[in-house]
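I have placed the structure first, in the form of structure tokens, so that the comments after it can refer back to it.
The values are calculated or read from the model by the stated rules, or taken from the named source; none is laboratory data. As the structure is a prediction and not an experimental result, all values here were calculated from the model. Virtual Cβ from ideal backbone geometry, glycine too; neighbours counted across all protein chains shown. When the accessible area is computed, the model is the full protein with side chains, heavy atoms only, and any ligands, DNA or RNA have been set aside. Shrake-Rupley method; radii C 1.70, N 1.55, O 1.52, S 1.80 Å.
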Amino acid sequence: MAETFLSLLLVNSSAKGPNLVFRWPPVPESSSRLIRPRPHTDGLELDNPWRAAHHNDISTGTTEASEAMNEPHGDLPQDTVDYEWRRPSSIRDRSKSFSRNTQLPSSGRSSPSKDVSFDDEYEEDAITDEYHGIFDYSTQFLAGMLCPQRSLCHQKFELVIDDLAFIGHPVCVEDDGSWRFKTEKSKSSSRGRGSRNRDADDNKSERSVNMELRPPSQNRSSWLHMFHFVLVLDFPDPSSSASGNVAKYFDVIYEQIAFTVTAVLFQEQVLSNFVEAECDVLGSLEAEYIATGVPFSEYMSHALRVSSIAPAMKLLFEAIKSSTMAYITLNDLPLELQLPPYLDHLLHSEEEYELDFVDRQEDEDEARVWGRDLSLGWRLPGLAPWKSLLLLDADEALDPYMNLRGPHVRPDERDHANRLIKFLETASVTLSLADMASLLDWDLEAEVYPAVRWLVHHRRAKLVDVVHDGLKTIFTLPPRFDAPLSQLSAEFKEEFPQPIIPPLPSLLATISAASSKQTDNHFFAAVVGSKGYIPLYHGVVLWMLKRDLLYTLHLHIRIVATPELKARVRQAHERKLERLGSQQLRGRRRSSRKILERESPADKKSGASGIAWLSLSPRSARRYSRRIPSVESELGDGSVASRSYADDEDEDENAVTEESDEENVGWGTAEDTLSPSMISDPGTASPLERKWLAAMSEGKDEHIARRFEIINLYFDGKRTDDEILYRAEISRKQLREVLHHYDEYLQTFLHPA
């Protein structure tokens, strides 16, 4: 968020007009923009290809050319000012055309005016400009734009002026001049840029603070008509990101910061006139300092000491710029605010960032598991039962154990607090979430996952991979560190002064070298070396995991059909076809012979009986059918022949079916057996791939072959060993046993994803 965030503003409106109450930082500055590429400072004139190519051949006899060549490297030519884009308001202050009182305080109450002579007015301009100028606008002019009409209050506010974007949620008094909670949502049509999804979010944001929190205080006379907490952003280039990402970017900032802060301020204004009192304090102080000619920097320092909103805005600004959690207090009400740590990635294509080799895809399934608040801009790993939870170091004042054991916990919440304490005490990187649910007798999805989501969202914990009890886990290093190595080394030395532990650079080099080995590449073999040092190095691993200095390497497995296997399966197929062909030929010969043998005695018996079957009436036919057993007894030989014929027909049909199944496999050509083939997804293997899988188990022990048949669907190269163990419900020893027996058909590799 440090990329576009410029300033925080608090604007109010009263009978005397709109005013800017407070801002942080005192003098916000936006990043410079160029109309066209600026030429290089060494005079090469890279925007002119010919001059750049013949720079050394150009004559430097003239004085102007010599002076240009002798200029210092860091100085810019005078005409490069034309390359920089300037906001139109900086060329001509638009607010000059509006009459304003430079002595107008932020408070709406009457203040004594000071008579200023014409000679003194010019001398005070330098000081008053610091108070009444921001982003090349006058503060009163800008406040007027940020105080909309009453019909546009209590909803999302988004305004873009040149290169500045203003996001907020203005609120105002009721028609009778009193501040109170709104009883129902105000419906308004959507404004500005957006889609149906954004309109739905806008309607969702048209909610007010719950009226059942506390009863409002007695209505008093209020001069405050409206206030607006505003975030100012350097408007990003829409062409630099995917379509719709800028809108999502603004939505997250509005929901997480603008609406949340406004909701708390509105609640405190309704209950205790908090915002009005703060505006009084800051407005009176500003008027006093302007009247006495005190510099603006001293006013800002004093405002941080006497106000509650001012230091909260300062802490919030610094936390957003550093992408950390903001712990602020508004009228003795603690508040935790943050923005997703990877929110700025929405504004750029993936090519502009160094691609992380741990590819964390933000698909719909993961977003559904983590929830809406942790889906966009977080880049969290998948919340899965085989993952583990690492508790982060927390401030003593924000220690969850102290808060859960504190006296403010109500008796009816004590049981839930004790359960959460037990959960925090049980959490360990050596236990998976499924193991924790089993130990606590908690439901994994209904109880464990919500606790994990809350801890991760409030940056009290992070989701990591399970670490082996004996530190026999293979680690690798990230492509880059979040802090300088010198700073990390100093912190590591202070945390682990024991001489047995090497310096951080040496430790990192050892881990990096071990990850490329085939054997003894885990942390215990490469670094620890002795079981007595396991507890000490366990703390080292935790320290490095908290600072993202280690990634766990996982075992991934893929199945390869070798040319020998494919040739063996094809040869068995050809032999089977030959056998089926000979069976069909013999069956057809037997069928024709049996037909002749069966028809001959039947004709004789039919003539002897003198009964014409087709000429019988239905009644005669039934009488004749009752005598069939006796007739069949006379035709014993013919009956055996009939049964034999039926058996031959069944055998022929089976042979035809097997031949048809073999033809539907899709064998391809004989040349296909000359090269190996990867079975990309054994779970949805083709008929030919299933024959390859079955042939791999020929000659293997029955229990090994049965286990391979059950777990080979996870050998797609995407599943980690931890996931395979959990889903197949087998031990790591059983998995190693399968890998050993099927080694010639398996491709294994280590990867951090």
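Computed extension gain for SER297 through GLU3, at 0.36 nm per residue and net of the alpha carbon distance, reaches 103.3 nm. Maximal additional length on extending the GLU702-ARG419 stretch stands at 97.2 nm, based on 0.36 nm per residue less the C-alpha distance. Would you mind getting me the FRET efficiency between LEU159 and LEU485? Use the beta-carbon distance for r and R0 = 51 Å, nearest 0.05. The calculated FRET efficiency here is 0.70. Taking all protein chains together and rolling a 1.4 Å probe, ARG736 ends up with roughly 140 Å² accessible. Between ALA15 and GLN734, the FRET efficiency from the beta-carbon distance, with R0 = 51 Å, is close to 0.05. For the stretch 262-327, the per residue solvent-accessible surface stands at 33 Å², with DNA, RNA and ligands left out and a 1.4 Å probe. In this simple spin-label model, placing a label point 7 Å from the Cα along the Cα-to-Cβ direction at both ASP672 and ASP443 gives a separation of 4.9 nm.
In this Cβ point-charge picture (+1 for Lys and Arg, -1 for Asp and Glu), the stretch 412-548 has a dipole of about 540 debye about its Cα centre. Note that the stretch 260-275 has calculated 3J(HN,Hα) couplings of 5, 5, 4, 4, 5, 5, 5, 4, 5, 5, 5, 7, 9, 6, 5, 5 Hz, one per residue in order, obtained from phi through the Karplus relation 6.51 cos²θ - 1.76 cosθ + 1.60 (θ = phi - 60°); glycine and proline are x. Around the amide H of ALA461, modelled in the peptide plane, lie the amide H atoms of LEU392, VAL456, all under 5 Å away and 5 or more residues distant in sequence or on another chain.
Close amide H partners of SER138, meaning residues 5 or more places away or on another chain with modelled amide H under 5 Å apart, are SER95.
In this simple spin-label model, placing a label point 7 Å from the Cα along the Cα-to-Cβ direction at both LEU315 and VAL369 gives a separation of 3.5 nm.
3J(HN,Hα) along the stretch 19-28: 8, 8, 6, 8, 8, 8, x, x, 10, x Hz, from the Karplus curve 6.51 cos²θ - 1.76 cosθ + 1.60 with θ = phi - 60°, whole Hz, x for Gly and Pro. The 3J(HN,Hα) values that the Karplus relation (6.51, -1.76, 1.60; θ = phi - 60°) gives for the stretch 423-431 are, in residue order, 5, 5, 6, 7, 4, 7, 6, 8, 10 Hz. Gly and Pro appear as x. The calculated FRET efficiency for the pair GLU495 and GLN747, based on their C-beta separation and a Förster distance of 56 Å, comes to about 0.90.
Put simply, the amide H of LEU164, placed in the peptide plane, has neighbours under 5 Å in PHE235, leaving out anything fewer than 5 places away on its chain.
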